[in-house]
């Protein structure tokens, strides 16, 4: 027993000596951990201490500890995110040292470092910090004090839209599996060639995707919508379609990898990008009927009074396309109003798109989502109208002479509030109101493989 005690005491003394050495040895890497957010200011510090007295001598003899006040906590007391981030930085540093090799050896001419899915167990902010700092960490490559320097190539694989959003657009390689199960690799920078006829569109797409909607890179299907109303309601529409059409032969919409992208009036710009990704896409938009008004200026109107559409997506995908492709079929305004779903399905190089907009339903042709919803859900609205915060001039709903177009024009105060009102007053299965047919039919189309 005395011998064991002496052994422990000697190890404890060795620990103290090694602690001073470790403090200097790991100083640089701890500074790098700080840059990645692995150490919170005024909260925690990291010490690398020798733990020979706690372990078998020939096993792992160092442990990361966190200093918090007067307490020293082992690494497993921290969250998985911080542990993984810190471990990654340490592992990367170890690999860099291995690339440098000993003084007797020259570094290899080719040095490849693969970092796989760094987002594991890390929250979005930490992912942003990681991708912003990793280039600085690796920019010097394999650099030795004796002047033997080599370049370092590194590849980061990820399923994180946060990491992609903060990456250089031209550095991204997109990997996809085709129908034969083969993996196809594409450089996102190739998109500039697709948009060479209109570089402004490419710049818009590049800025838009890197700022807000990089999740589309990881989707199997996409829904392109115009604004906040559809963004708020679309997940509920998808759930309602799943409830009402619960066939076991088709995967529910909410179980599929579908990205909902808010594109405003610019869905036509995304055509080449959707083709590049090779994913099935649904575009939900408005028919936006117009007529000639005062001073020969176009003004919005009821669909049955309209002479044309102001919607650029409809013009691009449906009206202009038949002219451009020399299809022996000309689509004018009257055709557009009644165009069947198979005529609105657009085959592009690697996939298909479907354009959905308001069509006649229950003897009324709506111009926008709001009047489409009002027309088929007037009873639902009337039964809850006192609590609808998105409506004004509520007395107008008592006037049966007013159609849904008039009610939408006079009574919709804030569209987002109106959308939230619909959700708030829904029953458990959303069975007390109906989805406008143009949206429902589009979702049923998207639901299929």
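Of the residues making up the range 9-67, those that are part of a helix (DSSP H, G or I), modelled with pLDDT of 75 or more, under 43 Å from the mean Cα position of the chain (by Cα) and surrounded by 15 or more Cβ atoms within 10 Å (Cβ to Cβ) are 22, 29, 30, 32. Mind checking whether some residue in the range 352-371 is over 17 Å from residue 241 (Cβ atoms) and in a helix (DSSP H, G or I)? Scanning the range 352-371, I find at least one residue that is over 17 Å from residue 241 (Cβ atoms) and in a helix (DSSP H, G or I), so the answer is yes. Identification of helices (runs of 4 or more DSSP H) wholly contained in the range 76-181 with 3 or more residues that are touching a residue at least 12 places away in the same chain (Cβ under 8 Å) and more than 30 Å from residue 273 (Cα to Cα) yields 80-100, 124-138. In the set 306, 278, 227, 293, only one residue is modelled with pLDDT of 90 or more, surrounded by fewer than 19 Cβ atoms within 10 Å (Cβ to Cβ) and more than 15 Å from the chain's Cα centre (by Cα); that residue is 278. Count of the range 122-141 residues, restricted to those that are in contact with a strand residue (DSSP E or B) (Cβ under 8 Å, 6 or more places away or on another chain), surrounded by fewer than 20 Cβ atoms within 10 Å (Cβ to Cβ) and closer than 17 Å to residue 171 by Cα, is 1.
Could you please let me know if residue 303 is in the same structural domain as residue 447 (by TED's automatic domain parsing), touching a helix residue (DSSP H, G or I) at 6+ places or on another chain (Cβ under 7 Å) and over 26 Å from residue 219 (Cα atoms)? It is true that residue 303 is in the same structural domain as residue 447 (by TED's automatic domain parsing), touching a helix residue (DSSP H, G or I) at 6+ places or on another chain (Cβ under 7 Å) and over 26 Å from residue 219 (Cα atoms). Quick check: is even one residue across the range 199-214 at pLDDT 90 or above, buried (at least 16 other Cβ atoms within 10 Å of the Cβ) and either touching a strand residue (DSSP E or B) at 6+ places or on another chain (Cβ under 6 Å) or not in a helix (DSSP H, G or I) (or both)? No, because not a single residue in the range 199-214 is at pLDDT 90 or above, buried (at least 16 other Cβ atoms within 10 Å of the Cβ) and either touching a strand residue (DSSP E or B) at 6+ places or on another chain (Cβ under 6 Å) or not in a helix (DSSP H, G or I) (or both).
Is it the case that residue 283 is part of a helix (DSSP H, G or I) and in contact with a strand residue (DSSP E or B) (Cβ under 6 Å, 6 or more places away or on another chain)? Against the criterion (part of a helix (DSSP H, G or I) and in contact with a strand residue (DSSP E or B) (Cβ under 6 Å, 6 or more places away or on another chain)), residue 283 does not qualify.
Flag not set for residue 393, criterion: modelled with pLDDT under 95, more than 37 Å from the chain's Cα centre (by Cα), surrounded by fewer than 21 Cβ atoms within 10 Å (Cβ to Cβ) and assigned by TED's automatic domain parsing to the domain that holds residue 440.
Quick grid of which residues meet (1) assigned to a helix (DSSP H, G or I); (2) on the phi > 0 side of the Ramachandran plot; (3) out of contact with any helix residue (DSSP H, G or I) (no Cβ under 7 Å at 6 or more places or on another chain); (4) not assigned by TED's automatic domain parsing to the domain that holds residue 369:
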residue: 401; (1), (2), (3), (4): no, no, yes, no
residue: 405; (1), (2), (3), (4): yes, no, no, no
residue: 409; (1), (2), (3), (4): yes, no, yes, no
residue: 416; (1), (2), (3), (4): yes, no, no, no
residue: 420; (1), (2), (3), (4): yes, no, no, no
residue: 427; (1), (2), (3), (4): no, no, yes, no
residue: 434; (1), (2), (3), (4): no, no, no, no
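The values are calculated or read from the model by the stated rules, or taken from the named source; none is laboratory data. This is a predicted model, so every value here is computed, not measured. Cβ atoms come from the backbone with ideal geometry, glycine included; neighbour counts cover every protein chain shown.
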